[in-house]
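The values are calculated or read from the model by the stated rules, or taken from the named source; none is laboratory data. Computed from a predicted model, the values in this text were never measured in an experiment. Note that we place each Cβ from the backbone using ideal geometry, even for glycine, and neighbour counts take in every protein chain shown. We work out accessible area using only protein heavy atoms, side chains counted, and drop any ligands, DNA or RNA first. Shrake-Rupley method; radii C 1.70, N 1.55, O 1.52, S 1.80 Å.
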Amino acid sequence: MSNPLLDSWRRLRAATWARSLEFIRDRSAVGWNVIFPVLLVLGIGYAFSGPGQPMFKVGVLAPAGVALDAKLHPFLATPQVQFYREEPGAAALHKVQLQRIDMLLDFTAASGATPGRYWVNEQSPKGQLLEQLMHGAGGAPLLRQATSGAESRYVDWVTPGVLGMNMMFGCLFGIGYVIVRYRKNGYLKRLNATPLRAFEFLLAQLLSRLLLVMAINSAVYTACRLLLHLRMEGSYLDLLLLATLAAFSMISMGLVVSARISSEELAGGILNIIGTPMVVVCGVFISIDGAPRFMQQLAQLLPLTHLLNGARAIMLDGAGLQQIAPNLLALAAMSVVYLVLGAALFKWRQD
C-alpha cells in the first residue's frame, strides 16, 4: 500500500533534483551567477575605496592641465574637503545656490596681480565654516562673491534617480527576459511560421513595454509629487518627452540582450550585470561630480545617466528643451543603435 506523503516527497525530490541539474548543466548561467557578484564587489570597492566621506565638497574652476593641489592655493590641501574640477558656466554657480556644493573656487583668471575668486552661499552653514578655514590656510586672498538660495531637499534630488532605476529594470527585464522565455518554450518558433517579420515583432514588443512602463512610472511620479510635494521648476511635457525617449532606449538595450540567448538564467545574469552597475555609475543615489574621470566618461555612454541629468535639470533647475538637448540627442542615438543591432542579431529559434 503506497504512502501518499512518501509519494509526494519522492515527486518533490525528483522535481527539485531535475531543476537543479538543469541549472548546473547550463554553464553560462552558472558562470554569470559566480562571476557577477565578484565583479560587482570589486567594482564598487575600487570606485569607493580610500578615506571616509569628506565633510565638505568644493568645486574648482582651473586652467586645463593645472593640478588641484597646494601649489595652486594652500586651501586646496585642507583635509576633509573634497576638491573636484568643475566645468565653467552657470550650472556651477547654480550648485552653490542650491547648496549641492559648499563653495566654488575660480582660478581661471588668477595671476600675480589678479586674485582668484570664490562663491559661497550666505545661507549655508558649511559655506561659512569653509570661509574661516580658507582664511586660516594662508596664501593669496581670494575675491569673495556672495550668492544665496535655499538648500534643495535630498528627496527632490533622489526621486528622479529612484524612478529612473525602476524604469530601467522594468525596461530591461520586461523585454529581455520575456523574449528569451518565448524562444525557450517554442513560442517564437511558432510565430516564425506566420507572415510576421522579426522587425515587426520586436517593434510590437517595444511599443507594448513602452506604454506599460510610461503608464506605471507616470502614476508613481504623480503619487510622489502629491505626497512629497516634489519640486518641479520646468515643463511636464519636457519631462515626459525625456522619459519616453529614455525608456525607448533602455527597452532597445534589452532587445540586444535577448536577440540570441535561449537561457533564462544567462539572460538574467547579463541583464543584472548591465543594470546594477548603472545604479552606481549613473548617480541614482549619490552625485558622481567628484568621481574619477573615467567613471564620469563611462556614465555618459549609458542611457540612465542622460535620463537622470535631464530630469534633474528640468525638475530642479527649470531647464527647457534647449538645455537638455544633448541628453535627448544622446538617447536618440543610443535608441537607433540598440534597435538596429537587436533586429540584426535577432533569431527565432534556439540552437
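Observations on the model:
- Accessible surface of segment 73-194, 1.4 Å probe, proportion on carbon and sulfur as whole %: 56
- Oblate is the label for segment 241-342, because a/c, from the alpha-carbon gyration tensor with a ≥ b ≥ c as root eigenvalues, is 1.5 or above and a/b does not exceed b/c.
- Per-pair calculated FRET efficiency, R0 = 56 Å: residue 348 and residue 132 via Cβ, rounded to 0.05: 0.20
- Spatial separation of Cα centroids for segment 70-124 and segment 139-200, in angstrom: 33
- Counting charges near residue 231 (Lys, Arg +1; Asp, Glu -1) among other residues having Cβ under 9 Å from its Cβ returns a value of -1.
- Peptides 214-220, 122-128, 303-309 ranked from most to least packed by the mean count of surrounding Cβ atoms within 10 Å: 303-309, 122-128, 214-220.
- Rounded to whole Hz, the Karplus (6.51, -1.76, 1.60) HN-Hα couplings of segment 334-347, x for glycine and proline: 4, 4, 4, 4, 5, 5, 5, 5, x, 5, 6, 8, 5, 9
- Cβ-based net charge around residue 176, under 14 Å, with every Lys or Arg adding one and every Asp or Glu removing one: +3
- Note on segment 143-250: the alpha carbon radius of gyration divided by the globular reference 2.2 N^0.38 Å gives 1.52.
- The residues neighbouring residue 205, those whose beta-carbon lies less than 14 Å from its own, together hold a net charge of +3 under the Lys/Arg +1, Asp/Glu -1 convention.
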